[in-house]
Amino acid sequence: MSIPPAPGRQAADAQTTGQLPPPLARPAHEVTPLYGAEFAADPYAVYERLRRYGALAPVEIAPGVGAMLVIDYRAALDLLHDPVTWSKDPTGWQETIPQDSQVLPMMRARPNALFTDGEIHARYRKVISDSFDRLEPHEVRRNVREVSDQLIAEFAQDGEVDLIGQYARLLPLLFFNRAFGLADDRSDLLIQGLAGMFDSNTPEEAAAADAAYTRYITELTQAKQLERGQDLTSWFMDHPAGLSVEEIIQQIVLTLAASYEPLSNLIGNALSRMLVDDRYYRDLSGGALTPRDALADVLRNEPPMANYSAHFPKRDVYFHGHWLRAGQLVLVSYAAATTQAGRAAPGESTGAAASGGGAHLAWAAGPHACPAQQPALLIATTAIERLTAWLSDIRLSVRYEELRWRPGPFQRGLVALPAHFSPVSPEQAKGMTWQNRDR
Ligand code: HEM
């Protein structure tokens, strides 16, 4: 991807030479919401409007919660690769926002890899990344095939499905329930807890989901303290970093939460683009482009995490044309930064995007970049391959433009993805969970 010169580049360089540049002339600050129906319907139009501010723009991520949003690619890289200037620790900032704000669960300080800096961060992160490195790709693939088949068998006879609610949002939970070491019959509690926390509409629902999630994590860690297995929980526990039980619980909670929404959205966004793009099929299994191409297209043009990487300047800083106060919230828009030089709508992705080329920031960058990129891609690819192998004539039931997107500043994911296909016979469907395991 060619990266246009950043408006604030000269100014940012001047900071390091000790000369103080004047702030760039820019429009008086209006605050643009990154929540609500308008943003959910077309966030890319909002990012384009924000470009008049330069490399960073003032936004509101929830009522009363302001942030500066980095929308320029080079500025995003400069921030993500500079842990000397920037901290990930929200401790001071979180006291300054409404305490009932809906963004607090995603932003509040916790002793885990995401919200810590330096050596503490490195220690937590190593436990997670070393453990993920121990996952055997063929085991990952086998487990994804099996949980995919279980899910597909549930709706295969119906001829129609919501690929978000009945597939993309359940599959990561079924997979990670196994990968963390519990039997399939415990996955309901995880679904109740984690899916419930993200999807709850009332404080009561949120509290019930929170209680289920706590119970799940407690059961999981107690079971593995009694008996280790070949699973992520056991590897977290036995890692040479020697985390305490509390620290292990925190890293499990983070890893499950960090995998759930983005992985669901990666699968859902890729399927939505495949189902409206003839290059993937006349017949999905016989098309010219593959699920890997669809995933590359999504990472480049519809990143599942749109805006995150909350950072706080450790001191007042002049950054790409903007003065920022120590401790103020700065977020990175992976979506805006990556699409700065252009964006392909579904069905019109470029050769570079289709073949996986084209720089993007969908996994962030720097010390906090996603440590699970390879397993995430393997899980998503296998899940999509499995679905399209079973339901080879699957089609979207509504026009792409009619699809609704989940509101909120951080994620880019669909509310539902209605599709139809030729029903699979009851006999075939019964066989799904065992017959084709090794296909
Ligand atoms: C197997 C599934 C996944 C797991 C287990 C996982 C796990 C994690 C963890 C533990 C972190 C924190 C790393 C740190 O702070 O050092 C992280 C960060 C991140 N992940 Fe993933 N992730 C998964 C899938 C995804 C997907 C599908 C995406 C989007 C394409 C994604 C995007 C990100 C981004 C943007 C960050 C940086 C967040 C920030 O610094 O605020 N992840 N992930």
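The values are calculated or read from the model by the stated rules, or taken from the named source; none is laboratory data. These numbers were taken from a predicted model, which means no experiment stands behind them. FYI the Cβ positions are ideal-geometry reconstructions off the backbone, even for glycines, and counts take in every protein chain you see. These accessible areas exclude ligands, DNA and RNA; they are computed on the full protein's heavy atoms, side chains included. Shrake-Rupley method; radii C 1.70, N 1.55, O 1.52, S 1.80 Å.
Between 385, 205, 401, the residue with the greatest mean-square fluctuation in the GNM of the chain (Cα pairs under 10 Å linked by springs) is 401.
When Lys and Arg each count +1 and Asp and Glu each count -1, what net charge do the other residues less than 11 Å away from residue 220, Cβ to Cβ, add up to? Residues close to residue 220 contribute a combined charge of +1. When only Cα pairs below 8 angstrom with a gap of at least 6 residues are kept, the chain shows a relative contact order of 26 percent. On the beta carbon distance between residue 420 and residue 227, with R0 = 60 Å, the FRET formula returns roughly 0.85. Dipole magnitude for the range 220-267: about 60 debye, using +1 per Lys or Arg Cβ and -1 per Asp or Glu Cβ, origin at the Cα centre.
Between the range 124-146 and the range 150-208, what's the alpha-carbon centroid distance in Å? Using only Cα atoms, the two centres lie 20 Å from each other. All Cα-Cα separations within the chain were binned at 10 Å from zero, giving a P(r) of 4, 20, 31, 27, 14, 4, 1, 0, each value a whole percent of the pairs.
For the chain, the residue among 192, 370, 131 whose Cα projects farthest onto the positive side of the dipole built from Cβ charges is 370.
With all protein chains kept in place, the per residue accessible area of the range 146-293 amounts to 40 square angstrom at a probe of 1.4 angstrom. Please tell me the relative contact order of the range 94-252 in percent, rounded to the nearest whole number, where contacts are Cα pairs under 8 Å and at least six residues apart. Result for the range 94-252 is 23 percent. Considering only 269, 341, 318, whose Cα is most displaced toward the positive end of the charge dipole of the range 239-352, charges sitting on Cβ of Lys, Arg (+1) and Asp, Glu (-1)? Ranked along the dipole, the leading option is 318. Between residue 214 and residue 326, the contour length at 0.36 nm per residue exceeds the Cα-Cα span by 36.8 nm.
Extending 7 Å from Cα along the Cβ direction at residue 133 and again at residue 85 yields two label points whose distance is 3.1 nm. Label positions at residue 188 and residue 200, each projected 7 Å from the Cα along the C-beta direction, are separated by 2.0 nm. Over the chain, DSSP H runs of length four or greater, each weighted -39,500 (n - 2.57), average out per residue to a 222 nm ellipticity of -13000 deg cm²/dmol. Extension gain, residue 41 to residue 348, is 108.6 nm, computed as 0.36 nm per intervening residue step minus the present C-alpha separation.
About its Cα centre, the dipole of the chain is roughly 1000 debye, where the only charges are +1 on Lys and Arg Cβ and -1 on Asp and Glu Cβ. Each peptide in 245-253, 300-308 receives the mean, over its residues, of other Cβ atoms within 10 Å, and ordering these scores from highest gives 300-308, 245-253. Selection among 410, 379, 423 by position relative to the dipole of the range 374-429 gives 410 as farthest towards the positive end (Cβ unit charges, Cα centre). Of all DSSP bridge pairs formed entirely within the chain, close to 80 percent run antiparallel.
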